[in-house]
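Report on the following structure.
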Amino acid sequence: MASEKLFEAIPAFPENVPTAPVHTVSLASLVSGDATAARSVLDACQELGFFLLDLRGDALGNTVINEIDSLFGAGQDIMNLPAEVKEKYPHDLPKSFLGFKPRGLAKTETNEPDRFEWFNLGQDGLLNNTPLQPLPDLVHTHLPLFTSFLKHGQTIVSTINTILASQLGLAPDTFTSRQLPTKPSGTVIRLIKAYACPEEEDLRTSMIHHTDFGTITLLANVLGGLQILAPGKAATDEQAWLYVRPKPGCLIVNLGDAMVQWSGGLLRSNCHRIKYPPGEQRFRDRYSLAILVRPERDASMRSLVGEGGGEDENLTAWEWEVKKAMALKRADAVMESKGGKPVAVV
Ligand SMILES: O=C(O)CCC(=O)C(=O)O
Ligand SMILES: [Fe+2]
């Protein structure tokens, strides 16, 4: 998450809206090997699949806070490029989801057009695993910043993955060795612009509820609007959707479906969506920034805990992602939270 500076420039998140009970864990304590902090990461990743990571007090964390501040500025300019520029760099679905997605391309739960645009910048091009995707000049000028943010984010992801593997009694590199940033994957940096919601008819979902496909997502929010579904509740129950309150200096971390698959269901990927920002915040356009980490393209999706034997055991990450994307396209995918059983911690 960004520093205090960006939070001071927006209306405050109201005190009276129900928020999700998301734990905050400090990066500095994780890096120092604090056992209680490591245990809270595991608990959070089993109970809610979401936690806040406080970057303050850690040298890398402070660098990332500054990078996020800069990228919020750059990201706003990029998302506000003229439509005729963005149109030149569209998604090429289903082959590639890199580039810009225009507003309204997807639907929400109520079959209304979505209210957001995104831009996906692939890790492979940034780290020279493959040629760079075609990009507008403005993005080119910010490539050093994006690349630095990606590498730093990947270091944080690796810290979390190592802790999760160790807590589950697996070899510490079990998860990291299947998502090396130097290997081709679907990992992206994502910029999102969800449009302001000034009118009565705008008080609805901007991005449909979903779970992330990949392993770990690092998300920087300043305006509220992200909601997570309370575990055990139905997505149709509006009372069960709880806002995540963004906190200065903290990243929102959530697990995706690949971690559920690898952990044989022990870890949780939880449904979330973008709703209109609460209170006075809804009158602002909402920008967010994320790194969505995916397994290496050729990684096996075999479960690494328990008996295994599920239908996806023999797929590579790439085959698995294509299968999931096709199911979403056919709209027969059930968008529900996955995984999250209790575990005996070693
Ligand atoms: O912008 C946000 O807060 C959430 C975005 C999200 O869930 C996604 O891009 O997968
Ligand atoms: Fe998401």
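State whether the range 140-231 is rounded, prolate or oblate according to the following rule on the C-alpha gyration tensor (a ≥ b ≥ c being the square roots of its eigenvalues): a/c under 1.5 gives rounded; otherwise a/b larger than b/c gives prolate, and the remaining case gives oblate.
Oblate.
Going Cα to Cα from K95, which lysines come in below 16 Å? Please leave out same-chain ones fewer than 8 positions away.
Within reach: K323, K324, K329.
Magnitude of the Cβ-charge dipole of the range 9-132, K/R +1 and D/E -1, about the Cα centre, nearest 20 debye?
So the magnitude is around 280 debye.
Could you derive backbone 3J(HN,Hα) for the range 30-43 from the dihedral phi with the Karplus parameters 6.51, -1.76 and 1.60 (θ = phi - 60°), listing whole Hz in sequence and x where the residue is Gly or Pro?
5, 5, 7, x, 4, 5, 5, 5, 4, 5, 5, 5, 4, 4
Could you pull out every one of the lysines with an alpha carbon less than 19 Å from that of K275, ignoring same-chain neighbours closer than 8 positions?
Leaving aside lysines fewer than 8 places away in the same chain, those within reach of K275 are K101, K107, K193, K233, K247.
Cα-based Rg of the range 1-138 per 2.2 N^0.38 Å, rounded to two decimals?
1.32
For the range 59-213, compute the orientation-averaged projected area of the C-alpha convex hull (one quarter of its surface), in nm².
11.3
Got a sec to turn the phi values of the range 109-121 into Karplus ³J(HN,Hα) couplings, 6.51 cos²θ - 1.76 cosθ + 1.60 with θ = phi - 60°, whole Hz, x for Gly and Pro?
For the range 109-121, the Karplus curve yields 4, 8, 6, 8, x, 5, 10, 9, 10, 9, 9, 10, 10 Hz.
Rank these for me by crowding, F213, F50, F175, F97, going from fewest to most other beta carbons within 10 Å.
If I rank by nearby Cβ atoms, fewest first, I get F97, F213, F50, F175.
Can you list the GluC sites (Glu not before Pro) in the range 199-229 that are in a DSSP coil and have 13 or fewer other beta carbons within 10 angstrom?
Hits after loop and neighbour filter: E199.
Could you work out the relative contact order of the chain? I mean the mean sequence separation of Cα pairs under 8 Å and 6+ apart, divided by the number of residues, in percent.
Dividing the mean separation by the residue count of the chain yields 24 percent.
Please arrange M301, M335, M326 by how many other C-beta atoms lie within 10 Å of their C-beta, fewest to most.
Neighbour counts put them in this order, fewest first: M326, M335, M301.
A short reminder: the numbers here are calculations on the coordinates, not readings from a lab. All figures in this text were calculated on a predicted structure; none of them were measured in a lab. Here Cβ is always computed from backbone atoms with ideal geometry, including for glycine, and neighbour counts include all displayed protein chains.
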